[in-house]
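Visitor: Can you read through this structure? Questions will come right after.
The values are calculated or read from the model by the stated rules, or taken from the named source; none is laboratory data. Just so we're clear, the structure is a prediction, and the values are computed from it rather than from any experiment. Backbone-built Cβ (ideal geometry, glycine too); neighbour counts: all protein chains shown. The protein model used for the area step is the full one, side chains on, heavy atoms only, and it has no ligands, DNA or RNA in it. Shrake-Rupley method; radii C 1.70, N 1.55, O 1.52, S 1.80 Å.
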Amino acid sequence: MKNRMSRKRAVATLMASAALAMGVAGCGSAGSSASAPAGNVQFWTLQDPTNTVQQAAVDSFNSAAHGKVTMSVIATDGYKDKLRTAMGSSHMPGMFFNWGGGSLNDYVRAGKLAQLDPGLESHFLASALEAGKVGGKLVGIPCRGTQPVFLFYNKKVFTDAGVQPPKTWSDLTNLVQVFKGKGITPFAVAGNGTDSWGELMWIEYLVDRLAGPDLFKKIQAGDWSQWKDPAVLKTAQMVKQLVDSGAFGTKFGSVGYGAGGTSTLLAKGKAAMVLMGSWEYATQQSTNPTFAKQGLGYVPFPTVEGGKGDPGDVVGNPTNYISVTTAAAQQTAKDFLQTTYSDSYVQGLVQKGEVPVTANAGQMLAKASDPAYAQFQYDLVRKAPTFTQSWDQALGLTLGTPMITEIQKLFNGQDTPERFVSAVLALKK
Amino acid sequence: MRRRRNVVAGFAAFAWLLVIGVPLYALVNTAIQPESKYTDGGPVSIPSAVTLDNFRTVIHSGFLHYVWNTVLVAALTVAIVLLLGVPISYAVVRGRGWMTRGVFRLFLLGLAVPSQAVIIPLFLLINRLGLYDSLWGIALPTAAFALPVSVLVLSGGMRDISASLYEAMALDGARPARILVNLVIPLSRSSIATTCVFTALQAWNGFLFPLIMTQSNDTKLVPLGLYNFVSQYGGNVPALLAAVLMSAVPILIVYLFARRALVMGLMGAGGK
Amino acid sequence: MVSITSSRLVRGREARRAAPALERPGVAWAIPGLVFFILFAIVPMAGVVYLSLTRWDGLSTPQFTGLHNWWRFFSDGQILQSTLVTAVLLVGNILVQAPISILLGVWSAGYQRNRAVLSTIFFFPLLLSTAATAVMWRQLLDPNFGIPPKLADLLGGNTDLLGGQKGAIACLIVVTSWQFIPFHTLIYQGAARAIPLTLYQAAAIDGAGRVRQFFHITLPQLRNSIITSTTFMVVGGLTAFDIVLLLTNGGPGTDTSILPFAMYQTAFRTYDYGYASVIASFLLLLATGASLLLVKISGYDKMTSTMEGL
């Protein structure tokens, strides 16, 4: 009898905790909107200075249209991890910012993405659309400017040393000696565990200059054995020579990207140059505005003597994309995508220092806060025979992440050029 | 013998003061410097200018909301652990038979199991329960993995209650429930305090669960907020360190108001 | 359940005849917590083992591949490295933290005023979460704008602390120790205060000096606390994922990619959930082994009331 009482009591506790857990579940799901049917779309974008343009587009869209778009801002570090996790969860976003290329393959294969209206294509430059397609189907629409990678330099440091920015690889190696002699790090590069994608840019450019763009195209298409190409080994050897000659200083392994890292080193004149994407300008603008205006110079990546690649080729992010998932209210998403080539949106991007890849962007570049910089990028991209997408984006994370780790080992001297090649070859079995 | 001055120990303690103090000084020092001045002098210099702007920047970014979320999760976790852990320990200590013994052994086995190891299935489970991106999705698994240590601490405390007290209450005709409320809980106050402190710190420190189980700003906890600040204010080191400093405020408040309980609770983790 | 109830009833009836009933709580009291623990801890453990036998990218449905992942696991050089690094960090942390926190704990157990004041300061790192600690140290370790340039002479000119394996591992140990020594110090402080003073008085009469007293009285008396504290260090070492993610991101290269980090990276960065589950199962195995060892050494399972430690 007494035992039954105690059991009853325990059961009551259990019930109470079950009720608690249920109340909990109610709470949990009420706060969020995964695939709301009422025309709502959850839109994930990157935490960066440019997303205010997107916020403005979202705000004006919401005030006018029938559907509602909610923008979630996600930190850059780990954005792709989080996105992938959410795509496999009940909280799949309706639209999301992405880099196109290989990162979209898995989502298309899993049937997560909506195919977009081919009619949209006419509003954008054709070269920028390529990475937004998977298997010929349009799944991503450009939503940002183009982001080529090129050399930034500190004008004052160059004037003081009485030298010019490099045009050829031998210029570059000479400059290394000049700046080393002055106690200035020739190139700032972020080599810490989180930011070593900056090292990848060197590999991308050197391989392109030495062998031309087709080598990586084959790799991207699935022929992993192309890593055996002598140009890859040559690239690794050139990187090793650069590192050994002190081109990156001695402590880049602990340096990060951005302010407090490479950007500050460049702005303070502790480093002479940095190879970086066009967003470096915006980073400098927000942390060292005076330097961005007066002291920041930029030139294309130098030619490499004897290489097969066209000196006009560029690497980087052709642009960023918005993709629509099956969780979105399709009509709302469709309507919203039209804002990405509206005059006000494109103008907003231009004012942020971006160079949009829309058909109507050309005449707006003059209104950029720094028209010369906008024009420089525009010409760089327009004249480029090939615009190779960043390899980590093009390959997708599964191969891209370990590839960057191997590059980091090459830069740190943990791997010889030969071991680098064999290690990368071993990544895909 | 403890009245003699111990010079060696004194010197070592001073050295340790430097090890603890210098980073803390650098933290505070950097957090109150304007961004433009920080890179001039470095973290351990005497500041040339002092500002509270960094804290303003951090507050404007919604950091207080993260702090509130973290406090909520910690409170939830502690509540769940006490609600479930106290009855378990009671049954383990006072119950007889192979079943309660088995329960205890099961929890002992879970003692060193890292929650990280089961994050993948846990993620699926939380997803299935519809708790993804909710604070409960963090509190429930955190509580589950805090249970083994809590049961050990609680049952250890309850075992020290003398058997004659139980008998005396039973003589009065008290049932297990009343004995628990009137005898066991009051006399286990110190082990309950230890459990609270330990569980709350677990929730406060937790990083992987928030990282995997949540995604939006509404459900962000402090550790994850700090992680994101690294990329958001990567450049603005003073603001970043101001955020670090602010993240300590809730525990500092607890420390100031309940220093004895907190220290005793932590000490209790090691013995009586 | 039924049998227990009836046997309990029988015993109860017998007891009632002899002495006043001493009713004990049934196992039912433990059931809510048990169910909860099974749901959120045991079931996922089984899940990990199951997933380790599949290939799964997190988006589609898992495909059963048998022991394929496990064969790969045993020939994976990266796992060997990760296991070694995990072990080095574990041992390094214990070797650094245990002596310092024992000494500090015993020292701060004294009731002198200056000791009380300093103990309060020594407590401060505990106010910071692991993430906060890691973020702070990452800035402090910056080779250009942090502390290393000020200590360049002391470091032999090498300020690139996170750029090499030895430096990165040393940094991880130093930062972890900085954060957790205060916690372990508290454990020892509490235990040292509980040592009966008469033991020391007796030793002093026998002419034992301070050092002898420490080794012959203090250390043996702290035995249980040493076990407890070491347990926390081992558990902490097997789960020290956040500090690696925030401080080194596993780098340089994969040199500090400890097992939990390798698992996270495999699961949530390269989306090979099947293989990540193999690493997770391996971690579980290690942890269960550690638990068993601990229970054996400490005698927790004896369920006696004299047990100290926890």
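Visitor: Got a number for the accessible area of A:K156? Probe 1.4 Å, square angstrom, nearest 10.
Guide: Accessible area, nearest 10 Å²: 130 Å².
Visitor: Continuing with this model, one more query. Taking the Cα centre of region C:76-302 as the origin, how large is its charge dipole in debye, to the nearest 20, when only Lys and Arg (+1) and Asp and Glu (-1) carry charge on their Cβ atoms?
Guide: It comes to approximately 820 debye.
Visitor: Leaving ligands and nucleic acids out of the surface, order B:H60, C:H184, A:H123, C:H68 by accessible area at 1.4 Å, largest first.
Guide: Order by accessible area, largest first: B:H60, C:H68, A:H123, C:H184.
Visitor: Under 1.5 on a/c is rounded, so check that first for chain C, then, if it is not, pick prolate when a/b is larger than b/c and oblate when it is not; a ≥ b ≥ c are the square roots of the alpha carbon gyration tensor eigenvalues.
Guide: Oblate.
Visitor: Given only helices, namely DSSP H runs of n ≥ 4 each adding -39500 (n - 2.57), what is the per-residue ellipticity at 222 nm of chain A, to the nearest 500 deg cm²/dmol?
Guide: So the calculated ellipticity at 222 nm is -13500 deg cm²/dmol.
Visitor: Using a 1.4 angstrom probe with every protein chain in place, what is the largest-first accessible-area order of A:F61, C:F215?
Guide: C:F215, A:F61
Visitor: When only C-alpha pairs under 8 Å and at least 6 residues apart count, what is the relative contact order of region C:101-173, in percent?
Guide: Relative contact order for region C:101-173 comes out at 13 percent.
Visitor: Using Cα pairs closer than 8 Å and at least 6 residues apart in sequence, work out the relative contact order for chain A, in percent.
Guide: 26 percent
Visitor: What percent do you get for the relative contact order of region A:378-427 when only Cα pairs under 8 Å and 6+ apart count?
Guide: 25 percent
Visitor: Next up: Say the cut-off is 24 Å between C-alpha atoms; which of A:K240/C:K150; A:K137/A:K217; A:K133/A:K218; A:K182/C:K150; A:K80/A:K428 go over it?
Guide: In this structure, A:K240/C:K150 lie more than 24 Å apart at Cα.
Visitor: Between region A:123-137 and region B:108-159, what is the separation of their alpha carbon centroids in Å?
Guide: When both Cα centres are located, 46 Å separates them.
Visitor: Quick check: from the Cα gyration tensor, does chain B come out rounded (a/c under 1.5), prolate or oblate?
Guide: Oblate, since a/c reaches 1.5 and b/c is not below a/b.
Visitor: How much net charge surrounds C:T218 when only the other residues with a Cβ under 11 Å from the Cβ of C:T218 are counted, with Lys and Arg +1 and Asp and Glu -1?
Guide: Overall, the nearby charge balance is +3.
Visitor: OK, next. Express in whole angstrom the spacing between the alpha-carbon centres of region C:143-188 and region C:217-258.
Guide: Using only Cα atoms to place each centre, the spacing works out to 15 Å.
Visitor: Additional query: Using a 1.4 Å probe and counting only protein heavy atoms, how much accessible surface gets buried when B and C come together, both sides summed, in Å² to the nearest 100?
Guide: 9800 Å²
Visitor: Nearest-5 percent of antiparallel DSSP beta bridges in the protein assembly as shown?
Guide: For the protein assembly as shown, the DSSP antiparallel bridge percentage is about 60.
Visitor: Need one word for region C:61-198: rounded, prolate or oblate. Basis is the Cα gyration tensor (sqrt eigenvalues a ≥ b ≥ c); a/c below 1.5 gives rounded, then a/b vs b/c decides.
Guide: Oblate.
Visitor: With helices defined as uninterrupted DSSP H runs, which ones in chain A have an alpha carbon span along their own long axis of at least 30 Å and mean Kyte-Doolittle hydropathy of at least -1.0?
Guide: Once both thresholds are applied, what remains is A:2-30.
Visitor: Another question about this same structure. What accessible surface, in Å², does a 1.4 Å probe find on A:E130, ignoring ligands, DNA and RNA and rounding to the nearest 10?
Guide: Accessible area, nearest 10 Å²: 130 Å².
Visitor: In terms of modelled amide H atoms, which long-range or inter-chain residues lie less than 5 Å from the amide H of C:T54?
Guide: The list, which skips near neighbours in sequence, is C:T65.
Visitor: Nearest 100 Å² is fine: how much accessible area is buried between B and A, summed over both sides, with a 1.4 Å probe?
Guide: Accessible area lost upon association: around 2400 Å².
Visitor: Here's a follow-up. Considering only protein heavy atoms, with the full assembly of protein chains and a 1.4 angstrom probe, order A:T194, A:T50 by accessible area, largest first.
Guide: From most accessible down to least: A:T194, A:T50.
Visitor: Another one. Leaving ligands, DNA and RNA out of it, report the carbon-plus-sulfur percent of the accessible area of the protein assembly as shown at a 1.4 Å probe.
Guide: 62 percent
Visitor: Also: Excluding ligands and nucleic acids, what accessible area in Å² is computed for C:D57 using a 1.4 Å probe, to the nearest 10?
Guide: 40 Å²
Visitor: What residue among C:G274, C:G289, C:G157 has the largest mean-square fluctuation in a Gaussian network model of chain C, using Cα springs under 10 Å?
Guide: Of C:G274, C:G289, C:G157, the Gaussian network model singles out C:G157 as fluctuating most.
Visitor: Residue by residue through region A:136-149, what is 3J(HN,Hα) from phi via Karplus (6.51 cos²θ - 1.76 cosθ + 1.60, θ = phi - 60°)? Round to whole Hz and write x for glycine and proline.
Guide: x, 9, 6, 10, x, 10, x, 10, 9, x, 7, 10, x, 9
Visitor: Determine the per residue accessible area of chain A with all protein chains present and a 1.4 angstrom probe, expressed in square angstrom.
Guide: 38 Å²
Visitor: Could I ask something else about it? Tell me which residues come under 5 Å, amide H to amide H, from A:F124 once H is placed; ignore anything under 5 positions away on its chain.
Guide: Residues meeting the amide H criterion: A:A359.
Visitor: Using alpha carbons only, how many angstrom separate the centre of region B:26-50 from the centre of region A:267-325?
Guide: Each part's Cα centre sits 30 Å from the other's.
Visitor: Can you check what the net charge comes to around A:Q375, using other residues whose Cβ is under 14 Å from the Cβ of A:Q375 (Lys, Arg +1; Asp, Glu -1)?
Guide: Charge balance near A:Q375 sits at 0.
Visitor: Near the amide H of A:A65, under 5 Å away, which other amide H atoms are found, from residues 5 or more places off or on another chain, if H is placed in the peptide plane?
Guide: Hits under the 5 Å cutoff: none.
Visitor: Here's another thing I want to ask about it. Each residue of region A:263-279 in turn: what ³J(HN,Hα) in whole Hz from Karplus with 6.51, -1.76, 1.60 and θ = phi - 60°, glycine and Pro shown as x?
Guide: In residue order, the calculated couplings are 5, 5, 4, 5, 5, 7, x, 7, 10, 8, 9, 8, 8, 7, x, 4, 5 Hz.
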